[in-house]
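Below is one structure; the comments refer to it alone.
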Amino acid sequence: MPAWAWYALTRVMTLLMMLLEPAVLADPMKWLIELDRVGPAVAFPEYPWPSVALMHLPMRLGIPTILHYYAAVVLFMLGVDALVAWLLWRAAGSRMSAGLRLWLLFVPALGPIVFARFDLVPAALTAAALLALATPRAATAGALTALGASFKLWPAASLPALLVPLDRARRWKTVAALTGVAAGLAAATAAAAGWSRLWSPLAAQAERGLQLEAFPALPLLWARFFDATGAWSVRYAACKCHEIFGPGVHSALQVGTYSLVIGGLVLIALHVRAFGASAERRTPAVSALLTALVVMVWLFGGRVFSPQYVIWLAAPVAVLGVLPGQPRPALEVGLFVIASLLTHVVFPFGYGPLINPPDGFQATVLAAMTLRDLLLVVLAARLALRLWRATAPAA
């Protein structure tokens, strides 16, 4: 079956799932209500302003009803998804590749939430930036990264990785492109919503508690399941997500912070090793590996792990599967697709049992979360080992 047929089949499947999973459209409903209530300059200070402007765009274009708004969001995200699939197809020499196969399979595995959240936009821009490194227009990677970070902050952390395969002149051009686009977006943000909007997403992250699906929360969720005293509770918090409260939450947050610090030190060491490798070993694949590991460190130690965050990881791992000279990552594709499927089991199917008082099905959901987390840890270890070998000194 040709690649376009696989694409059509998997996307029709995903859109049909949306009829069975209306809960995934809760976020677009929140966008519409909040934007109508306070306007784009004030709404959602936890997000960078360009992402809010994107949410508001259908309203500015005169979308008349909620159904039209849903359709506009889904069709736009479907277009972004199709663009990524085309870029992966073209980068692999206009043929099916492991990276394109991963992208085709992970979307139905994770479910229609892919088309109901705007996380697909920064992921697509990150994928395009990584693919640009293998072209004569490598400096565009900086502009694409700055644009991606204007929707969600995490693509900015991939800048050092983008510079690894470039010579000194192209590194300066890449940094200049990123700086120019970032400055323009910062000026637009300040003009539209005030200077405080530039740091409000960081401030909002610092005020968050321990979100239900975060890695550090998993032991507490198991303790809650086996506890008969009701010491732990799950509540809908000010961050517009469900958080866990009770004994050990502060310690879990500290463990997450320590994990981020340790993971950050490991990433620094890997980046130093990559920059110190010989020119022939400093390839775009090394950049994709570093970017994937940056995302994973954030997921492992962060206070929040929403299901759409899996989309962040899909971009660099898919790019890795289309770059020349890489081993066929069949196991990595399998690990990632299964982890996406288990995330789909947790949300939306298992979310009700997860947030309600413990029952029999909650154990199944917790088992799915535990297995998902373990698979992602194994995937991170394999990618880190591949990166270590890829940057080894030449014999």
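What do you reckon, is R224 surrounded by fewer than 16 Cβ atoms within 10 Å (Cβ to Cβ) and either charged (D, E, K, R) or at pLDDT 95 or above (or both)?
no
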_For G264: the one exception among (1) over 16 Å from the mean Cα position of the chain (by Cα); (2) of a type outside the set (D, E); (3) buried (at least 17 other Cβ atoms within 10 Å of the Cβ)_ = (3)
_Filter result for V255 (on the phi < 0 side of the Ramachandran plot, surrounded by fewer than 16 Cβ atoms within 10 Å (Cβ to Cβ), among the β-branched types (V, I, T) and without any contact (Cβ under 8 Å) to a residue 12 or more places away in the chain)_ = no
*Hey, can you tell me all the residues within the range 227-240 that are buried (at least 16 other Cβ atoms within 10 Å of the Cβ), assigned to a loop (DSSP other than H, G, I, E, B) and in contact (Cβ under 8 Å) with a residue 60 or more places away in the chain?*
C239
*Using beta carbons and a limit of 9 Å, which pairs, at least six apart or on different chains, have the first residue in the range 170-183 and in contact (Cβ under 8 Å) with a residue 40 or more places away in the chain and the second one surrounded by 16 or more Cβ atoms within 10 Å (Cβ to Cβ)?*
none
*State all residues of the range 286-312 that are out of contact with any helix residue (DSSP H, G or I) (no Cβ under 6 Å at 6 or more places or on another chain) and among the small types (G, A, S); if no residue qualifies, say none.*
G302, S306
*Regarding L83, is this residue closer than 24 Å to L32 by Cβ, in contact (Cβ under 8 Å) with a residue 40 or more places away in the chain and aliphatic (A, V, I, L, M)?*
no
_Being farther than 20 Å from A277 by Cβ and β-branched (V, I, T) is the filter here; which residues of the range 372-395 pass it?_
V377, V378
*Pull up the range 14-68, narrow it to residues that are without any contact (Cβ under 8 Å) to a residue 60 or more places away in the chain and of a type in the set (D, E), then point me to the one that is surrounded by the fewest Cβ atoms within 10 Å (Cβ to Cβ).*
D36
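How many residues does the range 142-177 hold that are part of a helix (DSSP H, G or I) and under 14 Å from P122 (Cβ atoms)?
13
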*Give L144, L166, L162 a once-over and let me know the one that is within 22 Å of the chain's Cα centre (by Cα) and over 28 Å from W31 (Cα atoms).*
L162
*asked:* Take R224 and tell me if it is among the basic types (K, R) and not in a helix (DSSP H, G or I).
replied: no
*Could you check V181 against (1) modelled with pLDDT of 95 or more; (2) in a loop (DSSP other than H, G, I, E, B) and say which number it fails?*
(2)
*Please identify the pairs in which a residue from the range 118-134 that is closer than 13 Å to V322 by Cβ and modelled with pLDDT of 95 or more has its Cβ atom under 6 Å from the Cβ atom of a residue that is in a helix (DSSP H, G or I) and among the charged types (D, E, K, R), counting only partners at least 6 apart or on another chain.*
none
*Among the candidates T174, T140, T135, T179, residue that is of a type in the set (S, T, Y), surrounded by 21 or more Cβ atoms within 10 Å (Cβ to Cβ) and out of contact with any Ser or Thr (no Cβ under 8 Å at 6 or more places or on another chain)*: T174
_Among the residues in the range 206-215, are any under 15 Å from D373 (Cβ atoms), in a loop (DSSP other than H, G, I, E, B), in contact with a His (Cβ under 6 Å, 6 or more places away or on another chain) and not β-branched (V, I, T)?_
yes
*Here are some conditions: (1) modelled with pLDDT under 95; (2) outside any loop (DSSP other than H, G, I, E, B); (3) under 22 Å from the mean Cα position of the chain (by Cα). M59 meets all but one. Which one does it not meet?*
(3)
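The values are calculated or read from the model by the stated rules, or taken from the named source; none is laboratory data. All of these numbers come straight from a predicted model, not from anything done at the bench. Neighbour counts are summed over all protein chains in view; Cβ atoms, including those assigned to glycine, are modelled from backbone coordinates with ideal geometry.
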